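Shown next, in structure tokens, is the structure this report addresses.
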Amino acid sequence: MRKRAESAPADRPFTPGTPPRTYYRKLPDNDPWRRFQVALAAVLIILLIGWIGYRIIGLPWFDALYQTVITITTVGFTEVDLVSTNTIEYRAFTLFLVVTGVGAVLYTISVFVDTLIEGTLNDRFRRRRMTKAIADMSGHTIICGWGQVGHAVAHFCARNQTDVIVIDNAPTDNEDDLPIIVGDATDDDVLRAAGVERAKTLILALHHDADNLFVCLSARAMRKDLFIVARTSDQANQKKFLQAGADRVINPHEIGGSRMAALALQPHVAEFLDEILHDEKHDVSVQEFVVSESSVMAGNRLLDLRDGNQRSLIIAIRKVDDRYHTNPSPQTVVEAGDVLIALGSDVELFGLRRKI
């Protein structure tokens, strides 16, 4: 039997078809908000019983409601009908309301205070706002798996101001307050809840290759144009992921080993690449730009596109033949569909983006 991506806690099982929910931080198992809802419902039921009961005894509708409210709130301002209060039925029914209603009201107040203290009311409102925000997202990145790889991907996306939605069975923390869908990524309904129909990129960072492969197949069936990056723990599975529809397959262990070797053999080159790709303290980065048919760059030479204020460096061009042409000549003609890889400061890259 295929293992699940991440096992959910025993007190919160997940089954396919269960509507996924958004999540900010893990709520306690004994949710005061739910207890407050139950207590409030009990008070309303007792209020309705008292209203109807006093009406049956003989009080008018409004007087019956008034007498019920002052009884269960222990106000006891005044009796509305002195004749009716002398009957045994009236007093017996009032005793019933005092015993049940007052206890329910006090319990509701205590649970409400408890809810405010724990902040779960704010958490519930935050969830609703996040659900609406997810529904409005488009062109975002979906991360399946909230482990170390998922955290690293989310941090990089935040640096590049990219919207992110995380899917995980049992998220342990969410310090960045990212929208998290609590559910199984292998369920199509969970992917739809994360807006896979509107997403730009899907990152598969679950613990097991089998789960990543399954999600890859499902997502590719739902979206033919979705860009999928999959994590694998075994390089031998790369071909399977590509056949399943993944655009890129990454082995974190292999990348980590290669980076360690680069630091040992070519430390200055490795440190330079680390700075421009991962260090936030330096105002230098590498970005890619896709040249559209309507772009003013299409049909012009690289030399013609540079001016006195434009110093960004085009270090490579990926042509339609899917080959990278490094250190292109200034006479190189830029065509629609080309991907430009540029190195420069944020200001320089912003100016280049405006031209595209």
Scanning the range 215-240 residue by residue, those over 28 Å from Lys132 (Cα atoms) and surrounded by fewer than 20 Cβ atoms within 10 Å (Cβ to Cβ) turn out to be Ser233, Asp234, Gln235, Ala236, Asn237, Gln238, Lys239, Lys240
For the range 246-297 the number of residues that are within 15 Å of Leu352 (Cα to Cα) and not polar (S, T, N, Q) is 8
Wholly inside the range 166-285, strands (runs of 3 or more DSSP E) that include 3 or more residues that are more than 11 Å from Cys144 (Cβ to Cβ) are 248-250
Margin query: When you scan the range 241-257, do you find a residue that is free of Cβ contacts under 8 Å to residues at least 12 places away in the same chain and either closer than 30 Å to Val347 by Cα or β-branched (Val, Ile, Thr) (or both), even just one?
Written below: yes
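Throughout, read-outs are computed from the coordinates displayed, never taken from laboratory work. Computed from a predicted structure; not experimentally measured. Cβ coordinates were reconstructed from backbone atoms using ideal geometry, including for glycine residues, and neighbour counts include every protein chain displayed.
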